[in-house]
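The values are calculated or read from the model by the stated rules, or taken from the named source; none is laboratory data. Remember, it's a predicted structure, so these values are computed and weren't measured experimentally. FYI the Cβ positions are ideal-geometry reconstructions off the backbone, even for glycines, and counts take in every protein chain you see.
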Amino acid sequence: MEQTIKVNKTEYRVLRLLGHGKGGYSYLVTDGNHQYTLKQIHHEPCSYYQFGDKLDSELRDYERLTAVGIPMPKLLDVDRIRERILKEYIEGPTIYDLVLNSCVEEDYLFQIRDMCDRLYDAGLNIDYFPTNFIVKEDKLYYIDYECNDYMEQWNFENWGVKYWSRTPEFLEHVKQHQNEG
């Protein structure tokens, strides 16, 4: 991993890897004054998801979710040449971590259902997997920008909810990924 990463003309020091998803790697970075999330788009194959232009998709999806009023980190900068996105860093535990530790509060489920009402009315789904949600000061944030046209099979009630408690699906995922860094 590089020690520094540039977004356009600004250099950021990499503090740590936050996560690796189907569209990119997310890092916690700093400019020396503030911390940010930097997403580096990757082009690794994904057998279960088809992308067009990943960077354009991220930007389009950010606009769609902003218009719907989904709480998310603010988009701060885009480096099209290097395929990097700089966004606000929201510190807090993920829903995944809270499920692992049996600490998911009922209010988080009310908040995700409120998001679902907005999304479904707009004809959208998001990636409901619990690593994509952070709680800060009791407020739930969707930290990914991915969204798709609504399909009932991928809505929260039919897919996402399976990973928001210690269900067999969640525990199987933990087992499969327990040796990853």
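Structure notes:
- When residues of the stretch 88-97 are limited to those that are of a type in the set (D, E, K, R) and farther than 17 Å from Phe129 by Cβ, the one surrounded by the fewest Cβ atoms within 10 Å (Cβ to Cβ): Glu91
- Single condition Asp79 does not satisfy, out of (1) more than 25 Å from His43 (Cβ to Cβ); (2) touching a strand residue (DSSP E or B) at 6+ places or on another chain (Cβ under 6 Å): (1)
- Condition met for Leu100 (surrounded by 14 or more Cβ atoms within 10 Å (Cβ to Cβ) and over 15 Å from Met72 (Cβ atoms)): yes
- Arg60 in contact with a Cys (Cβ under 6 Å, 6 or more places away or on another chain), more than 30 Å from Glu172 (Cα to Cα) and either of a type in the set (Asp, Glu) or outside any loop (DSSP other than H, G, I, E, B) (or both): no
- Applying the condition of being of a type in the set (Val, Ile, Thr) and within 27 Å of Leu119 (Cα to Cα) to the stretch 27-83 and asking which residue is modelled with the lowest pLDDT yields Ile41.
- Inside the stretch 60-87, residues that are within 20 Å of Lys22 (Cα to Cα) and either surrounded by 15 or more Cβ atoms within 10 Å (Cβ to Cβ) or in contact with an Asp or Glu (Cβ under 7 Å, 6 or more places away or on another chain) (or both) make up a count of 14.
- Just one of the numbered conditions (1) closer than 30 Å to Arg13 by Cα; (2) touching a helix residue (DSSP H, G or I) at 6+ places or on another chain (Cβ under 9 Å) is not true of Leu119: (1).
- Residue tally, condition buried (at least 19 other Cβ atoms within 10 Å of the Cβ) and closer than 14 Å to Gly69 by Cβ, over the stretch 125-140: 2
- Filter pass, Glu88 being acidic (Asp, Glu), touching a strand residue (DSSP E or B) at 6+ places or on another chain (Cβ under 9 Å) and at pLDDT below 95: no
- Selection status of Asn158, touching a Phe, Trp or Tyr at 6+ places or on another chain (Cβ under 6 Å) and either among the polar types (S, T, N, Q) or in the same structural domain as Leu28 (by TED's automatic domain parsing) (or both): no
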